[in-house]
Amino acid sequence: MFSGPGFVIEPFRPGDLVSVLKLVQRSLGEEIPYAFFLQMSTLRPDYSLIARDPATRAVLGFIVGTKEAGHEGRVLVFAVDPEAQGQGVGHALLARLQRSMLLQDVRQVHLEVRADNHRAIEFYRRHGFSVTGLQEAAYKDGADAYRMMKPLH
Ligand SMILES: CC(C)(COP(=O)(O)OP(=O)(O)OC[C@H]1O[C@@H](n2cnc3c(N)ncnc32)[C@H](O)[C@@H]1OP(=O)(O)O)[C@@H](O)C(=O)NCCC(=O)NCCS
C-alpha cells in the first residue's frame, strides 16, 4: 500500500522544507539542518519521500533514506505528524522506500532507533526488522540506540 484514504506518497520537494522541519520538531523533538534535506533529496530523490493530505496539501509524514557501499540501505530520518499516526502513513512511507531500494538492488536495510522509543521499535519489528546491536550514548542526551536490520527479498 503506497497511499491511503487520506494521503498520497510523493517525492520531497524544496517547497516542503518548512513543513518537514516543523514536523521534525513536533515528532522527533530535534532540529535537523535544512541543508540535510536538500542534499539528500538531490542525491537520492527516490529515497526522500513525503506523505501529503491531498485535500489540504499538508505534509503528514516523511522518510529519508540512503544507499551505502555494496547492497546496504539506511533509513536516516522518519517521522509522522502525531495527529496522523496510527493510520498507516508510516507503513506506506517505509514500504515505498523499501520498494525504491529493492529496485536499486539494496539487500539489507539498516537503521538506528532510540532504545527508549518502544513504539518505533515495535513498529520496525512488525515490519521485519531485528535488533542487531546496541550503540551506547548515541544521542546528545546520552540515550542509547538500537541498531536494527531487515533483509530485503
Ligand atoms: C514510528 C512512526 C513513524 C510510525 O508511523 P505511523 O504512521 O504511526 O505508522 P502506522 O500507522 O503505519 O502504524 C502504526 C500503528 O498504527 C496501526 N495502524 C496502521 N494502519 C492503521 C489504520 N488505518 N487505522 C488504525 N491503526 C492503524 C498499526 O497496526 C500500528 O500499530 P501500533 O499502534 O501498535 O504501532 C510514528 O509513530 C512516528 O513518527 N513516531 C515518532 C517519530 C519516530 O519515532 N520516528 C522513528 C525514529 S527511528
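Checking the conditions here, which among A137, A115 is away from the ligand (no atom under 13 Å from the Cβ) and farther than 25 Å from L43 by Cβ?
On the way: A115 fails: away from the ligand (no atom under 13 Å from the Cβ).
Exactly one of A137, A115 is away from the ligand (no atom under 13 Å from the Cβ) and farther than 25 Å from L43 by Cβ, namely A137.
Read through the list (1) farther than 22 Å from R13 by Cβ; (2) touching a strand residue (DSSP E or B) at 6+ places or on another chain (Cβ under 6 Å); (3) touching a residue at least 60 places away in the same chain (Cβ under 8 Å), then give the number of the only condition that V89 fails.
All conditions are met except number (1).
Filter the stretch 1-30 down to the residues that are in a loop (DSSP other than H, G, I, E, B) and modelled with pLDDT under 90, then identify the one that is surrounded by the most Cβ atoms within 10 Å (Cβ to Cβ). So that I can check it myself, show each step before the final result.
The first filter runs over the stretch 1-30 and keeps only residues in a loop (DSSP other than H, G, I, E, B), leaving 1-2, 5-6, 12-13, 29-30.
Filter once more, keeping what is modelled with pLDDT under 90: 1-2, 5-6, 29-30.
Numbers: M1: 9, F2: 14, P5: 6, G6: 16, G29: 9, E30: 11.
Residue satisfying both the conditions and the ranking: G6.
Among the residues of the stretch 100-153, write down those that are among the basic types (K, R) and out of contact with any Ser or Thr (no Cβ under 7 Å at 6 or more places or on another chain).
Quick first cut of the stretch 100-153, residues among the basic types (K, R) only: 107, 114, 119, 125-126, 140, 147, 150.
Answer for the stretch 100-153, where residues must be among the basic types (K, R) and out of contact with any Ser or Thr (no Cβ under 7 Å at 6 or more places or on another chain): R107, R114, R119, R125, R126, K140, K150.
I need every pair where a residue in the stretch 19-30 that is not assigned by TED's automatic domain parsing to the domain that holds I50 has its Cβ under 8 Å from the Cβ of a residue that is part of a loop (DSSP other than H, G, I, E, B) and exposed (fewer than 12 other Cβ atoms within 10 Å of the Cβ), sequence separation at least 6 or different chains.
Short answer, once both residue conditions are applied: none.
Suppose we keep only residues that are within 16 Å of the ligand (Cβ to nearest atom) and crowded, with 16+ Cβ neighbours inside 10 Å within the stretch 33-57. Which one would you say is farthest from P151 (Cα to Cα)? Let's see the steps before the verdict.
In the first step, residues of the stretch 33-57 are kept if they are within 16 Å of the ligand (Cβ to nearest atom); the result is 36-37, 40, 47-53.
Then drop every residue that is not crowded, with 16+ Cβ neighbours inside 10 Å, which leaves 37, 40, 47-52.
Values: F37: 26, M40: 23, Y47: 17, S48: 20, L49: 21, I50: 23, A51: 24, R52: 28 Å.
Checking each candidate, the answer is R52.
Residue-wise test of (1) of a type in the set (S, T, N, Q); (2) closer than 30 Å to D141 by Cβ.
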{"residue": "V18", "(1), (2)": "no, yes"}
{"residue": "K22", "(1), (2)": "no, yes"}
{"residue": "I32", "(1), (2)": "no, yes"}
{"residue": "Q39", "(1), (2)": "yes, yes"}
{"residue": "G70", "(1), (2)": "no, no"}
{"residue": "G88", "(1), (2)": "no, no"}
{"residue": "L97", "(1), (2)": "no, yes"}
{"residue": "L102", "(1), (2)": "no, no"}
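Residue by residue, here is whether (1) surrounded by fewer than 16 Cβ atoms within 10 Å (Cβ to Cβ); (2) within 16 Å of the ligand (Cβ to nearest atom); (3) within 15 Å of the chain's Cα centre (by Cα); (4) on the phi < 0 side of the Ramachandran plot holds:
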{"position": "K67", "(1), (2), (3), (4)": "no, no, yes, yes"}
{"position": "V75", "(1), (2), (3), (4)": "no, yes, yes, yes"}
{"position": "P82", "(1), (2), (3), (4)": "yes, yes, yes, yes"}
{"position": "G88", "(1), (2), (3), (4)": "no, yes, yes, no"}
{"position": "L94", "(1), (2), (3), (4)": "no, yes, yes, yes"}
{"position": "L97", "(1), (2), (3), (4)": "no, yes, yes, yes"}
{"position": "M101", "(1), (2), (3), (4)": "no, no, yes, yes"}
{"position": "R107", "(1), (2), (3), (4)": "yes, no, no, yes"}
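Give all pairs with beta carbons closer than 7 Å in which a residue from the stretch 59-72 that is in the same structural domain as P45 (by TED's automatic domain parsing) and closer than 27 Å to R13 by Cβ meets a residue that is of a type in the set (D, E, K, R) and assigned to a strand (DSSP E or B); count only pairs at least 6 apart in sequence or on separate chains.
Correct list of pairs: V59/R52; L60/R52; G65/R74; T66/R74; E68/R74.
Kindly evaluate E83 against the criterion of being of a type in the set (D, E), outside any loop (DSSP other than H, G, I, E, B) and assigned by TED's automatic domain parsing to the domain that holds D46.
Details: of a type in the set (D, E): yes; outside any loop (DSSP other than H, G, I, E, B): yes; assigned by TED's automatic domain parsing to the domain that holds D46: yes.
Yes: the conditions hold for E83.
The values are calculated or read from the model by the stated rules, or taken from the named source; none is laboratory data. What you are looking at is a predicted structure, and each value in this text was computed from that prediction instead of being measured. Neighbour counts are summed over all protein chains in view; Cβ atoms, including those assigned to glycine, are modelled from backbone coordinates with ideal geometry.
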